Every structure is written in structure tokens, then in C-alpha cells.
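The block underneath contains the structure these notes are about, expressed in C-alpha cells.
The values are calculated or read from the model by the stated rules, or taken from the named source; none is laboratory data. No experiment lies behind these values; they were computed from the predicted model shown. No Cβ is skipped: glycine too gets one built from the backbone with ideal geometry, and neighbour counts run over all protein chains shown.
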Amino acid sequence: MKPLLIDGEWLAGASTIQTINPSDLSETVETYVQADAQHAHAAVTAAANAAPDWAMSTPQQRHDILASTSAEIMARREEIGTLLSREEGKTLPEGIAETTRAAHIFGFFAGEALRQTGDILPSIRPNIGVEITREPVGVIGIIAPWNFPIAIPAWKIAPALAHGNTLVMKPADSVPGCAWALADILTRAGAPKGVINLVMGPGTSVGQAMLDDPRIDAITFTGSVATGARVGEASMRVGRKVQMEMGGKNPLVVLDDADLETAVHCALDGSFYSTGQRCTASSRLIVTEAIHGRFVETLVQRIRALTIGHALDPATDIGPVASRDQLDSNMRYVETARREGGNIRCGGETVSRATEGYFMLPTLITDTTSAMTINREEVFGPVASVIRVRDYEEALHVANDTPFGLSAGICTTSLRHATHFKRYARAGMVMVNLPTAGVDYHVPFGGTRASSHGPREQGRHAAEFFTTLKTAYTAT
Ligand code: UN1
């Protein structure tokens, strides 16, 4: 049984939950203690009490904790990756790759702890000097989603600590295993008591208690648009800094001059790997007329060749959907697309395997228009739709015809179109001849409009959220 971590103590609580393997519903993965609102309160108290000392910790101390965390994650990547795949359902290679990514993130931010910088400059007035320094924000609340159970906690925890903040973390209910492993590793790596607090529990009680607690100075959230709105409103009420990564409805434009192999690969990877459960997934394939037929035919062939199955089976390409609710929601979206005139070109149904799990065939819906529900709302499953367009200009227009703005891709051999798209795609990230999903950890991550709010995550730019600037004037 995995306990809560509050003020350096591993604690039992009044209740527990068990996680279930979405590849095999007969298998319980782990039992976790559930926090309540009082635990959340105690966790914030611990983080607030630990904040002044941790803010004064040396760059070397922060570096060493983060570097040894990175090393332990790397050494245990198969074991932790397996736990990830058993709880979330992504395939074992995806689970191990995500765990490796988490190790790299801790390694990067170990370096960032040493690379704190500031500015010294003259005042506009005589005999005055100005210093601009970055200070920790204080107590960070972390609310993490279920689809990247280790990478997203890592890219929130690592910069929070590197920049001298303490934290209270609530992992997603259905996949707390990796966040628990991180808390355990960080504690043994030397994080002082109260610096990291882990409260597993429902959003309605634990998450809400965090939102309502004005002692949390900043919240970093990844999840749905609906929950993001609640996080944003609650944070505004207490004047708290907030960073939110929410949905996407990411376009992948395929132009007539695209290399067909590249385009099909980008669509297959971007739309269906990780079972399409990525906010960066390519869910709208916007294809110009001359390549449309060949592209759809080849993509359908490749989709049909994918093996859908148990996440730990080495033959599996695409694991199960993560939960019953998500599967039901995916199927409702497919039904709505059919009703609104979409052609379910392949997939669109659940499948049985040797073990009972949430298996769904990757689904391609053709003959869709930008106005259809399937092209307006995020599905968050192995479902992509095709919109046929005349030319690049229409493709760009359709690509931008969405409230979201996370990632946008284009497959083309035209430098002119690629260059224009990089400039005019309304998204935080643009991919040329690459899938819309799959990002580096050393550069900014985030989007525009309904996808994101607040400063970017990851890379050096993470400092904007996890620090606050101080400007000091000194008469000389
Ligand atoms: C990726 O595409 O590599 O929740 C990462 C998500 C994003 C992470 C995507 N925040 O899907």
C-alpha cells in the first residue's frame, strides 16, 4: 500500500483506492492511501513551513538532489516504465521512453539549478545601480493529468525544486504510481522534509482544497479545459499565479507536394500512438485534393496493420484506452461524427482481446468538415478525422479554425509553404514534416488561446513561472 507524503512522513489515511490495469481489468496494480481536504491542508502547511529554508538552499544542494533523482529514474526505467504501462495502458516501449524522458528532465533541471542568472545595469538616474534577480515563488501546487504519469509530474516538480520552491502535488486518481515513485526517490535523494508533499485523492476534495488555499502561491495544472476553468477562477480569487495546459485540436496539414511516406508516418504516429491520448495528438488531418486519395488509402492500410493489445505484449503497437469513461466518451464522439455525416473509414469500434480491457480500434473518419463536432472538440483517443481542402490557403484557414492552439503540423516539400505556415499557424508549437506530438524537454512547451494559459513549461523558459522577478535599486 502506498502512503501519502506530508512533511517528510509517510502517512496512512481513512481510505484507500486500487488502480486497475486497463489492459487487463482483472489485475489490480496497486493500492494507494486517499487524502482528504485536511491532508491537503496539512500538506500546504508543511510546504509553507519548509519554503524559507529551501529558498535559501544552495544551487549545489538542489543540483545534487535533482541529479541523483535523474540517475535513479534512469537506472530503474524498465521497472518504472512497466508500472506506468500497467497503470495507464501505453505500450511498454512508450512507458520506458516516457520514464527515460523524466530522467532527462531531472538531469536538465539539475543543470538549471546551477545556471541561475540575473542582470546588473545602470539606472536612468545618476549614481544608482539596478539589479534584477529571480526569487522562488514559494509554495507550488501541482495538479497532474493521467496521460503522462511521469513526464508531466517531472516537468513540473523538477523546475519547481530547481528554482527553490516547495510543492504539494496531486497526481491523477487513476495513475498515481509514477508520481509516488518520484516522491520516494526525491525524498531518498535528500529533499528536506516538507519540500515535497504528495496527496493522492479526488479532485472534488483534495484538488478543491488546494484551489481554495491561499497559501499556495502558484498552481501548475495540466488537464481538461473544464477543470482548467475552475483552476483559473479559483486562482484569480486569491490572486495566485497560474499555469494551465489544457486541450488541443491539433491540425496536421498534408499538401500535394508532401512526401507520402513522411505524411503517413506523421499522421500514424501523431494521431494514434499513446492511443491518441496526448494533448498534442494530430486529430485533424487537413489534406489537399491531389494527394487526398493516396494519403487516405495508404494511411488506412497502415492503421489496419497496427496491433492493438495488452500494453506489455511486445507485439502491441497501440495499447488500450486508459479508462472506461474515456472509452465511452471516444465511442460517443465516433457516433456523433457518423450522425453528422462523417465516413468511418476504419475502426470506430471496440475489440476483444485475451484479457478484458478497454481496447478500441484506431479510427479514421473521412469526409468531415470543419464545422462538425469531431473537428471542434477534443476527443483524447485514437480518433482522427480528415478534412479535404483545395489548396494551401484553405488548409491554413481550416488549420486555424479552432479555439485551440497547442501544436500544428505541416507535411510539405515546399520551403515557401513551410515558412509561411511556421509564421501563420496559430499555435504555440509548429512541426514541419514531423508529428504534432513528441516534444523536446529543453525548449518551451505550450500553446495559445484555449489550449494554454500563463507562461510556458519546460526548458529555460520554465523559470518565468517558477520564479518571480525582483528589481533592486541601490544608491552608489
Ligand atoms: C508530447 O507530445 O511529447 O498532455 C507531450 C499532453 C501534453 C504533453 C505532450 N501536455 O499530452
>> If I filter the stretch 25-48 for residues that are free of Cβ contacts under 8 Å to residues at least 24 places away in the same chain and within 27 Å of ILE308 (Cα to Cα), do I get at least one hit?
In response: yes
> assigned to a helix (DSSP H, G or I), in the same structural domain as ALA229 (by TED's automatic domain parsing), among the β-branched types (Val, Ile, Thr) and within 30 Å of PHE359 (Cα to Cα) - does that describe any residue in the stretch 83-97?
Replying inline: yes
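Out of the residues in the stretch 91-109 meeting the condition of being among the β-branched types (Val, Ile, Thr) and buried (at least 23 other Cβ atoms within 10 Å of the Cβ), tell me which one is nearest to the ligand (Cβ to nearest atom).
Restricting attention to the stretch 91-109, the residues satisfying the condition of being among the β-branched types (Val, Ile, Thr) are 91, 96, 99-100, 105.
Among the residues that remain, those that are also buried (at least 23 other Cβ atoms within 10 Å of the Cβ) are: 91, 99, 105.
Numbers: THR91: 15, THR99: 14, ILE105: 11 Å.
In this case the residue turns out to be ILE105.
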> Can you name every residue in the stretch 362-381 that is touching a residue at least 60 places away in the same chain (Cβ under 8 Å), over 18 Å from THR402 (Cβ atoms) and surrounded by 24 or more Cβ atoms within 10 Å (Cβ to Cβ)?
Replying inline: PRO362, LEU364
>> ALA384 - would you say it is assigned by TED's automatic domain parsing to the domain that holds HIS310 and crowded, with 24+ Cβ neighbours inside 10 Å?
In response: yes
>> Any residue that is aliphatic (A, V, I, L, M), in contact with a Lys or Arg (Cβ under 6 Å, 6 or more places away or on another chain) and either in the same structural domain as LYS90 (by TED's automatic domain parsing) or more than 16 Å from the ligand (Cβ to nearest atom) (or both) - is there at least one of those in the stretch 110-128?
In response: yes
> Out of all the residues in the stretch 272-313, which are within 16 Å of the ligand (Cβ to nearest atom) and either modelled with pLDDT under 95 or of a type in the set (A, V, I, L, M, F, W, C) (or both)?
Replying inline: PHE272, CYS279, ALA281
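Yes/no per residue for (1) within 17 Å of LEU406 (Cα to Cα); (2) within 14 Å of the ligand (Cβ to nearest atom); (3) surrounded by fewer than 18 Cβ atoms within 10 Å (Cβ to Cβ); (4) not assigned by TED's automatic domain parsing to the domain that holds LEU268:
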| site | (1), (2), (3), (4) |
| --- | --- |
| GLY428 | yes, yes, no, no |
| GLY447 | yes, yes, no, yes |
| HIS453 | yes, yes, no, yes |
| GLN458 | yes, yes, no, yes |
| HIS461 | yes, no, yes, yes |
| PHE465 | no, no, no, yes |
| THR471 | no, no, yes, yes |
> In the list PHE359, PHE404, PHE421, which residue meets the criterion of being crowded, with 16+ Cβ neighbours inside 10 Å and within 16 Å of the ligand (Cβ to nearest atom)?
Replying inline: PHE404
> Can you tell me which residue in the stretch 122-177 is surrounded by the most Cβ atoms within 10 Å (Cβ to Cβ), limited to those that are under 19 Å from GLN34 (Cβ atoms) and among the small types (Gly, Ala, Ser)?
Replying inline: GLY141
> Out of the residues in the stretch 218-227 that are among the polar types (S, T, N, Q) and in a strand (DSSP E or B), which is nearest to the ligand (Cβ to nearest atom)?
Replying inline: THR222
> Is it true that some residue in the stretch 218-241 is closer than 12 Å to GLY409 by Cα and touching a strand residue (DSSP E or B) at 6+ places or on another chain (Cβ under 6 Å)?
Replying inline: no
> Which one of the conditions (1) crowded, with 18+ Cβ neighbours inside 10 Å; (2) within 13 Å of SER23 (Cβ to Cβ) does ASP313 fail to meet, given that it meets all the rest?
Replying inline: (1)
>> For the stretch 84-106, give me each residue that is among the aliphatic types (A, V, I, L, M) and either in contact with a Pro (Cβ under 9 Å, 6 or more places away or on another chain) or free of Cβ contacts under 8 Å to residues at least 24 places away in the same chain (or both).
In response: LEU84, LEU92, ILE96, ALA97, ALA102, ILE105
>> Anything in the stretch 425-454 that is farther than 13 Å from PRO251 by Cβ, in a loop (DSSP other than H, G, I, E, B) and touching a Lys or Arg at 6+ places or on another chain (Cβ under 7 Å)? List them, or say none.
In response: TYR441, PRO444, GLY446, THR448
> Within the stretch 344-351, is there a residue that is touching a residue at least 24 places away in the same chain (Cβ under 8 Å) and at positive phi?
Replying inline: yes
> Can you pull out the residues in the stretch 228-271 that are part of a helix (DSSP H, G or I), away from the ligand (no atom under 16 Å from the Cβ) and outside the structural domain of ASP391 (by TED's automatic domain parsing)?
Replying inline: ALA229, ARG230, GLY232, GLU233, ALA234, SER235, MET236, ARG237
>> Quick check on my filter: what residues within the stretch 162-180 are charged (D, E, K, R) and closer than 23 Å to ALA48 by Cα?
In response: LYS170
